[in-house]
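Scroll down for the structure; my scribbles are underneath it.
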Amino acid sequence: MRIFLAGHSGMVGSAIARQLSARDVDEVLTRTHDQLDLTNQAATATFFADESPDVVILAAARVGGILANNDFPADFIYDNLMIEANVIHQAFANGVTRLLNLGSSCIYPRDAAQPMREDALLTGPLELTNEPYAIAKIAAIKLCESYNRQYGVDYRSVMPTNLYGPGDNFDPIKSHVLPGLMQRFHYAAQADAEVVEVWGSGTPRREFLHVDDMAAASLHVLNLPKANWDDATDPRSAFLNVGTGHDISIAELATMLAEVTGFEGRIAFDARKPDGTPRKLLNVSRLAELGWTSKIGLREGIAQTYDWYQKNVA
Ligand code: GFB
């Protein structure tokens, strides 16, 4: 079997690559961004025609934290729409019958009932700081569902909660909260600084999933028996939430990161920065019914990620 792993060098893609290499997969096809620009329709078509993969895992995306989403909305919607339209359509056009599309929990309405079930999709307005990215990720689910309905292929989607782990982006401005604060606390601890600034009020609640758990869940879902995708009355049928089922406040996360990095100063909150969605916790009961639950606890995962960060980034 030939699996095309799109986005193999990103945080999630590289975690999936590690797990595929430990399994008995015949061949994993990868291309760097320089070798293949997935926003380019002609280049993507040529790649699929030349390589004829059997299965596709779509882990390529433009991703970033709350400020990057807010500051570069055109990049987030354009790049993601192009990547997913090109990959999903060319997969279909070249005979790929099984595909796994990776999305994000920001697809759900800002004020969705918590924990969020799959059938909350498209029931209300989105969070404005990441609406363009969310619209692109909803479009990818609908591309998969539409090709399933019209052509009888088996294209599934998984919607992970906020991910973290080795290979994350630790950029102080563009990253997500966990790696961003890990780096800030690390340098503050090294410098014996008095204060670390945390964006927003500290009250928003988020759910964090280690990327190795995400990779395991992705392969679990890819290998599930074929579902009844024809049941258009159940919008949950073609995608599944992936999370831990537990959330914490940003203030609690900051305290945990201070402890792990050894920072002993004060934590201050910068109310000029956006909070984003007040709470984002996934209902993961459907995936649990299908045999998968997360394994890596948050404190353990943070400690392991900090170890990786110190060896590879700091
Ligand atoms: O991780 P984050 O950027 O993503 O921010 P979202 C989560 C919360 O942490 C927000 C606060 O309330 C931030 O204000 N925060 C505190 C920080 N300090 C920091 C910091 O130093 N850096 C960052 N980044 N946040 C993203 C979406 O939303 O979630 C994406 O914009 C994607 O589209 C991703 O869906 C998973 O959870 O708010």
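Taking the Cα centre of segment 157-314 as the origin and placing charges on Cβ (Lys, Arg +1; Asp, Glu -1), which of GLY297, SER218, PRO166 is farthest toward the positive end of the dipole?
Highest projection toward the positive end goes to SER218.
How much mean residue ellipticity at 222 nm does the chain get from its helices, if each DSSP H run of length 4 or more adds -39500 (n - 2.57) and you divide by all residues, to the nearest 500 deg cm²/dmol?
Calculated mean residue ellipticity at 222 nm is -13000 deg cm²/dmol.
What does the convex hull of the alpha-carbon atoms of the chain project to on average, in nm²?
15.4
Quick one: Cα centre-to-centre distance for segment 86-133 and segment 9-65, in angstrom?
Measuring centre to centre over Cα atoms gives 19 Å.
Roughly how many debye, to the nearest 20, is the charge dipole of the chain about its Cα centre, given +1 on each Lys and Arg Cβ, -1 on each Asp and Glu Cβ, and no other charges?
320
Assigning unit charges at the beta carbon (Lys, Arg +1; Asp, Glu -1) and nothing else, what dipole magnitude in debye, to the nearest 20, does segment 107-165 show about its Cα centre?
120
Straight-line reach only, C-alpha to C-alpha below 25 angstrom: list the lysines that LYS280 could link to, leaving out same-chain residues fewer than 8 apart.
The reachable lysines, counting only those whose Cα sits under 25 Å from LYS280, are LYS137, LYS142, LYS174, LYS295.
Place a +1 charge on the Cβ of each Lys and Arg in segment 129-252 and a -1 charge on the Cβ of each Asp and Glu, then give the dipole magnitude about the Cα centre in debye, rounded to the nearest 20.
Once rounded to the nearest 20, the dipole reads 420 debye.
Angle check, please: helix 73-93 long axis (alpha carbons) against the longest principal axis of the chain (alpha carbons), in degrees 0 to 90, nearest 10.
Computed tilt is about 30 degrees.
Roughly what would the spin-label model give for ASP111 and GLU300, points 7 Å off Cα along C-beta, in nm?
It works out to 3.9 nm between the two label points.
Students often check this: by mean Cβ neighbours within 10 Å, which of 25-34, 204-213 ranks highest, and how do the rest follow?
So the peptides 25-34, 204-213, ranked by packing, come out 204-213, 25-34.
Residue-wise, which Karplus ³J(HN,Hα) couplings in Hz belong to segment 257-266, taking 6.51 cos²θ - 1.76 cosθ + 1.60, θ = phi - 60°, and x for glycine or proline?
Values, residue by residue: 5, 4, 5, 5, 8, x, 7, 10, x, 9 Hz.
For segment 244-291, what are the per-bin percents of Cα-Cα distances with bins 10 Å wide, up to the bin holding the maximum?
Using 10 Å bins, I get a P(r) of 19, 36, 28, 13, 3 for segment 244-291.
Each reported figure results from applying straightforward, stated rules to the coordinates on display, with no laboratory input. It should be emphasised that the depicted structure is a prediction, and the values quoted were computed from it without experimental measurement. All Cβ positions, even for glycine, are placed from backbone atoms using ideal geometry, and neighbour counts span all protein chains on display.
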